[in-house]
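The next block holds one structure in the form of structure tokens; read it before the comments.
Please treat every number below as a calculation from the coordinates, not as lab data. Source: prediction; values computed, not measured. Methodologically, a virtual Cβ is constructed for each residue, glycine included, from the backbone with ideal geometry; neighbour enumeration extends over all protein chains shown.
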Amino acid sequence: MDDKQKEELKKKIKIEIEHLTMLVDDLKETVAPVAPDAAIGRLSRLDTMLNQGINKSSISQSRERILKLGDTLKRLDKDPFFGECEECGETISFARLLALPESRFCIECAE
Ligand SMILES: [Zn+2]
């Protein structure tokens, strides 16, 4: 990976982190507890609780990904083996890294 690709990847990761952070903020608003006396019907309350469950897991998934991406940013600078598959040592394709910067395995080993 050359420096230009590294910069491109860093930019991509930063945008992704920003995007996920905004998503988490949005989702956080949707999981605020619904007051029991809120003027919504029983069905919409059920619906809301269901959606909140889904949104809560999206929040934790997004948070986890933010951490992974942050870690990837650090590795990009410090790890001389960044971009090599941890399983077979082959170079992970740049297209794959752009799509999934936190991937530590090449496409064959990931499957
Ligand atoms: Zn591999």
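Find the residue count for segment 56-85, including only residues that are farther than 23 Å from Lys4 by Cα and either touching a Cys at 6+ places or on another chain (Cβ under 6 Å) or not β-branched (Val, Ile, Thr) (or both).
10
Yes or no: segment 62-69 includes at least one residue that is more than 16 Å from the chain's Cα centre (by Cα) and in contact (Cβ under 8 Å) with a residue 24 or more places away in the chain.
Within segment 62-69, none of the residues are more than 16 Å from the chain's Cα centre (by Cα) and in contact (Cβ under 8 Å) with a residue 24 or more places away in the chain.
Among the residues of segment 82-98, write down those that are closer than 18 Å to Ile13 by Cα and either without any contact (Cβ under 8 Å) to a residue 12 or more places away in the chain or of a type in the set (Val, Ile, Thr) (or both).
The answer is Glu84, Ile92, Ala95, Arg96.
Collect the residues in segment 83-111 that are more than 9 Å from the ligand (Cβ to nearest atom), among the aliphatic types (A, V, I, L, M) and outside any helix (DSSP H, G or I), keeping them in residue-number order.
The answer is Leu100, and nothing else.
Within segment 22-35, identify whether any single residue is under 30 Å from Asp71 (Cα atoms) and either touching a residue at least 40 places away in the same chain (Cβ under 8 Å) or of a type in the set (Ser, Thr, Tyr) (or both), and answer yes or no.
Yes.
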